[in-house]
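J.: Below you will find the structure I want to go over with you.
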Amino acid sequence: MNANPVLLVIAHGSRDPRHAATVHALVRRVRSLRPGVRVETGFLDFNVPSVRGVLESLAAEGVRDVVALPLLLTRAFHAKSDIPAVLRQAPGGLAVRQAEVLGPSPLLLAGLERRLYEAGLDPADRASTGVVLASAGSSDPEAIAVIAEIAREWRHTGWCAVRPAFASAELPRTEGVVRELRAAGCRRVAVAPYVLAPGRLPDRIARGAAGADVLAGVLGPSPEVAELLLHRYDEATLPHLSAVGA
């Protein structure tokens, strides 16, 4: 049996079939990068297999060590409450460690820039482009503060401006920030969805980007996100790596 802990990627799940398809594409990329690690996928809602079902199957196979990695960009309700509650129901004899959420990380900013350039933004126009960092939104103040801090840090890498927007729970909305950046004198406005997979809220972000010059795709199975998943896995299995960060 493989001596490495199993990596269980925990996704939220969605009625939108694009969500699960994107999650599975990301997991395939992670597997290709680390063939020696078994990678499984579980969903909290809407899709199968469920997290609990995967844990039960692993225990039945004799697996004893699992790293559960939340496919989340911020530490909000799901990471703080939902996922720990599910993991506490893991079968006896199965040691489960919950890894950190993905964000914040320079790798995510690199992934966002990849998507912007893939959508047609010219890197030479960086200094004249205002960016809307459009996240799904959260009722958790810690998560909102993290998004705002990411926008401030990203602004210092050469953009004309970077401002946060939210698709739910918090203001401002994407369309309002697009107008603000125009009024602030940015020659171009680009919207960078800070989301992992398509769905209802990313679609709302896209509608709000109607007045922008560039709308990037979701982060999805980008190389940077796949690399970050493995870094979080390594942090959980080799704790000294957490001092390095990603």
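J.: Where does the range 23-141 land on Rg(C-alpha)/(2.2 N^0.38 Å)?
T.: In units of the globular-protein estimate, the range 23-141 measures up at 1.31.
J.: Then there's this: Just the accessible area per residue of the range 39-124, please: how many Å² with a 1.4 Å probe?
T.: Accessible area per residue: 45 Å².
J.: For a Förster distance of 35 Å, can you work out the FRET efficiency between the beta-carbons of residue 60 and residue 18, rounded to the nearest 0.05?
T.: The value I calculate is 0.65.
J.: How much of the accessible area of the chain, in percent, comes from carbon and sulfur atoms when a 1.4 Å probe is used?
T.: The C+S portion of the solvent-accessible surface of the chain is 53 percent.
J.: Assuming 0.36 nm per residue, please report the length gained on full extension of the stretch residue 128 to residue 210 beyond their Cα-Cα distance.
T.: Contour length minus the Cα-Cα distance gives 27.6 nm.
J.: Quote the FRET efficiency, to the nearest 0.05, computed for residue 4 versus residue 81 with a Förster distance R0 of 35 Å and r equal to the Cβ-Cβ distance.
T.: With a Förster radius of 35 Å, E is 0.75.
J.: Stretch residue 171-residue 119 to full length: gain in nm at 0.36 nm per residue minus the Cα-Cα span?
T.: 16.2 nm
J.: Here's another thing I want to ask about it. How charged is the neighbourhood of residue 44? Take every other residue with its Cβ under 11 Å from the Cβ of residue 44, and add Lys/Arg as +1 and Asp/Glu as -1.
T.: Its environment carries a net charge of -1.
J.: Using alpha carbon centroids, what distance separates the range 107-170 and the range 19-74, in Å?
T.: Centre-to-centre distance over Cα atoms comes out at 28 Å.
J.: Please give the calculated 222 nm ellipticity per residue for the chain, where each DSSP H segment of at least 4 residues contributes -39500 (n - 2.57) and the sum is spread over every residue; nearest 500 deg cm²/dmol?
T.: -12000 deg cm²/dmol
J.: Per residue, how much accessible area does the range 125-246 show when a 1.4 Å probe rolls over the protein heavy atoms, in square angstrom?
T.: Accessible area per residue: 42 Å².
J.: Ordering 82, 122 by accessible area with a probe of 1.4 Å, largest first, what comes out?
T.: 122, 82
J.: Is the shape of the range 3-60 rounded, prolate or oblate, going by the alpha carbon gyration tensor and its root eigenvalues a ≥ b ≥ c, with a/c under 1.5 for rounded and a/b larger than b/c for prolate?
T.: oblate
J.: Related question: Mind checking the dipole of the chain: about its Cα centre, +1 per Lys or Arg Cβ, -1 per Asp or Glu Cβ, Debye to the nearest 20?
T.: 320
J.: Provide, as a two-decimal number, the C-alpha radius of gyration of the range 150-219 over 2.2 N^0.38 Å, N being how many residues it has.
T.: So the range 150-219 has a normalised radius of gyration of 1.04.
J.: Kindly provide log₁₀ I(q)/I(0) values, in the same order as q = 0.12, 0.15, 0.18, 0.20 Å⁻¹, from the Debye equation applied to equal alpha-carbon scatterers of the range 100-246.
T.: -0.47, -0.72, -1.02, -1.23
J.: Quick one: compute a quarter of the convex hull surface over the Cα atoms of the chain and quote it in nm².
T.: It is 12.9 nm².
The values are calculated or read from the model by the stated rules, or taken from the named source; none is laboratory data. From a predicted model like this one, the values you see are computed outputs, not experimental measurements. Reconstructed Cβ throughout: ideal geometry from the backbone, glycine too, with neighbour counts over all protein chains shown. Protein only, heavy atoms only, side chains kept; ligands, DNA and RNA dropped before computing areas. Shrake-Rupley method; radii C 1.70, N 1.55, O 1.52, S 1.80 Å.
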